[in-house]
Amino acid sequence: MFTVALFARLEAKAGKENEVAKFLETGLALANQEVTTPVWFALRLGPTTFGVFDAFTDESGRQAHLNGPIAKALMAQAPELFSKPPVIERIEVLGAKLPK
């Protein structure tokens with residue numbers, strides 16, 4: 001079962017919305033390589049607001065993700081793409097319904 005998660009809220013700079021969307025789409029390939037990241041979603045929440053949600057079976061998986069290539073790429077691109085630093089929230093998963 002998934003016990004912990006992360007939610008990152010990202011606000012694109014004016015005119016950078018398409019670049020942010022493409023950046024997040026490329027994150028899927030990196031997420032697929034992370035063994036400890038079984039659930040990963042890139043989201044568009046509004047015209048300039050984006051998000052990433054991922055869930056993990058334990059804290060070590062979440063920490064591995066935070067130290068991994070996706071997080072490093074996100075922070076490296078942040079000054080160019082985002083109007084403010086990403087807000088990353090640590091979440092406790094209370095329940096989940098997933099396909100079998």
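The values are calculated or read from the model by the stated rules, or taken from the named source; none is laboratory data. Bear in mind that the values here come from a model prediction, so they are computed numbers and not experimental data.
Considering Ala8, Ala21, Ala14, Ala29, which residue is modelled with pLDDT under 95 and hydrophobic (A, V, I, L, M, F, W, C)? Walk me through how you get there before you give the answer.
Values: Ala8 fails: modelled with pLDDT under 95; Ala21 fails: modelled with pLDDT under 95; Ala14 fails: modelled with pLDDT under 95.
When all the criteria are applied, what remains is Ala29.
Quick grid of which residues meet (1) more than 23 Å from Lys13 (Cα to Cα); (2) of a type in the set (Lys, Arg):
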| site | (1), (2) |
| --- | --- |
| Val35 | yes, no |
| Arg44 | no, yes |
| Val52 | no, no |
| Ala64 | yes, no |
| Gly68 | yes, no |
| Lys72 | no, yes |
| Met75 | no, no |
